[in-house]
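What follows is a short report on a single structure.
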């Protein structure tokens, strides 16, 4: 891939030199060309890229549980899924939220149940170790709310072990402390079907009568405590929970029927065709089961389509299978296109033309959406994350795609770019920042309700999303100054979010490396001078956490020690190294030994096929709760970094 001299050059040698790498001496051009060719080969014929999106084993375990809930067991598929689940177990016996992470009780409970359903012998060494871990953590009764809800539907746990979530919540007025409009989109689309599941006390078919009573420290019917006390506010909500249970018989029948009708209509309006409710697996399954509870026939076209949406998430290989939490074609396509633009805008013209033509067809306009509740007078113009998700356009995706189009500087894209930018301006929160889907979604007290024991009920503004919005506004404001006031507010927010050490928290990628790359890349397109502390402190921090091998790496443990990541937690990865390099180059740091060492690291790790292989789950769905592996990140980010470096040193 590159010369013997380059292969022998180690980082300690390179640290003494700030001379840029010459393209030919390291075959930099060849490395870029091969990576580019491989990425192009993965493009769909209609123009998009869609890479696998992998989660921890809980989602895949839930697919087996869904089959047994419905009484529709595909034994061949079940065995393939079981192979995947068995391979995810650690030597200690538990299942983590990400490879290398600590054990997670809820994930472990779901996997145990799924494997027992699939026929695994509970006396096998693997199942014994898994059971011992679960019992050591207090047993299945101490799992999170979603897990306990699933156990209740299988009659493994009494319904009193689940927080009180009656369907009558649908009728709460907007001034009430809890209202659907006050929580994030992902919470809404899961909660509404669960209201029905809870109220009607769903019961799984469970045709093989599989139980997991051995996972309880005491018999579940004798267990009295399912809700760990956390704060005074949480205790108050628990008291209201108990009050609600006692007063439930007083709810008028007409009110109950009205709430059921409202919930059903809410779900049907948002079913989203073959892309499913909210575009996410938990909501899709919950919606399908809720509609069955409401006596919707399985052969109803709505139900057939809803089931197809779930099955589209399956990744079926020759020897194993798993279920994705959602699909990411718009995000993947935007990032892949940006990498290819950096590599060779003219040479990749045909591929880019296809990509942007496809993206243009996916831009939303006048479709109904929950975002309109907060911004009824703002015209549509966003993009979703998935193939289709018209009710829930993604602010981050919209800023990314519109910016990528603007970088092409083609008049045909002016209209969608400006529509997107106007929508972005309209979605700005009061503090100047941006959430991923919602505006001013900051009712933090709601994270204390018993149902929200994951602490991820909200979608507040974050620096990474805000920086991409600022980047778009700055790029378009070069010719249209009406976007400048919103841009200035977003920059003030970004400045206020910088950590003392110079980094930024990364909400949607792990973590401070991702956040810092997001912000510096965004700032590069603004008028902020490169000697501003926003840049200089960030550059100093990035250099301080570079690893001895020349790369950068950070795992999800950094979410447990917020603001204190020091580079000790992980091995270097190609895509996180690329983030750091792109951030440094955005700050104007091109010729430093740190950048040179990072480039050498990427070249050294490139595979024969021109790509990289990072087996890392380093993108949170919800920090501390749910993590993802984007299979495209190690395909386009390293290419992007190498191409930019080559272009800068020419």
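Read-outs throughout are calculated quantities, based only on the coordinates presented, and are distinct from any laboratory measurement. No experiment lies behind these values; they were computed from the predicted model shown. Don't worry about glycine lacking a Cβ; one is built from the backbone with ideal geometry, like all the others, and counts go over all protein chains shown.
Here are a few things to note about the model shown:
- Proportion of all alpha-carbon pairs of the range 349-389 beyond 17 Å (%): 40
- Quarter of Cα convex hull surface for the range 27-148, i.e. mean projection, nm²: 11.3
- Kirkwood Rh and Cα Rg combined as Rg/Rh, the range 70-131: 0.97
- The Rg/Rh ratio of the range 97-160, with both radii computed over alpha carbons and Rh defined as the Kirkwood radius, is 0.96.
- The base-10 log of I(q)/I(0) for the range 50-91, evaluated at q = 0.24, 0.26 Å⁻¹, reads -0.87, -0.95 [Debye formula, identical scatterers on Cα atoms, solvent excluded].
- Inter-label distance for residue 548 and residue 46, nm, one decimal - labels placed 7 Å from Cα along Cα-to-Cβ: 5.0
- The equivalent ellipsoid of the range 484-543 has semi-axes of 18, 14, 10 Å, largest first, where each one is the square root of 5 times an eigenvalue of the Cα gyration tensor.
- When only alpha carbons of the range 269-387 are considered, Rg and Dmax amount to 17.8, 56 Å.
- Net length gained if the chain between residue 590 and residue 529 were fully extended (0.36 nm per residue, minus Cα distance): 20.3 nm
- If you take the Cα centroid of the range 590-640 and the Cα centroid of the range 286-341, the two points sit 27 Å apart.
- Peptide packing: for 547-553, 133-139, the average count of neighbouring Cβ atoms within 10 Å per residue gives the ranking 547-553, 133-139, highest mean first.
- Helix 185-199 vs. the chain, principal-axis angle (Cα, 0 to 90°, nearest 10): 10
- Helix 28-41 axis versus longest C-alpha principal axis of the chain: approximately 40°, rounded to the nearest ten.
- Calculated log₁₀ intensity ratio I(q)/I(0) where the Debye formula runs over C-alpha points of the range 372-428, q = 0.20, 0.24, 0.25 Å⁻¹: -0.70, -0.95, -1.01
- Simple label model, 7 Å out from Cα along Cβ direction - residue 311 to residue 647, nm: 4.4
- In terms of the mean number of neighbouring beta-carbon atoms within 10 Å, the peptides 176-183, 376-383 order highest first as 376-383, 176-183.
- Cα pair distances of the range 317-364 binned at 5 Å [whole percent]: 5, 18, 22, 17, 13, 10, 10, 5, 0
- Our Cα-only numbers for the range 288-358 put the radius of gyration and Dmax at 18.9, 56 Å.
- Theoretical FRET efficiency, 1/(1+(r/R0)^6), r = Cβ-Cβ of residue 209 and residue 379, R0 41 Å, to 0.05: 0.15
- Cα-Cα pairs of the range 477-606 separated by more than 24 Å (percent): 27
- According to the Cα-based calculation, Rg over Rh for the chain is 0.97, with Rh computed by the Kirkwood formula.
- Between the range 519-547 and the range 406-439, the alpha-carbon center distance in angstrom: 23
- The stretch between residue 92 and residue 29, if pulled fully straight at 0.36 nm per residue, gains 18.2 nm over its current Cα-Cα span.
- Principal-axis tilt of helix 105-117 within the chain, Cα atoms, nearest 10 degrees: 70
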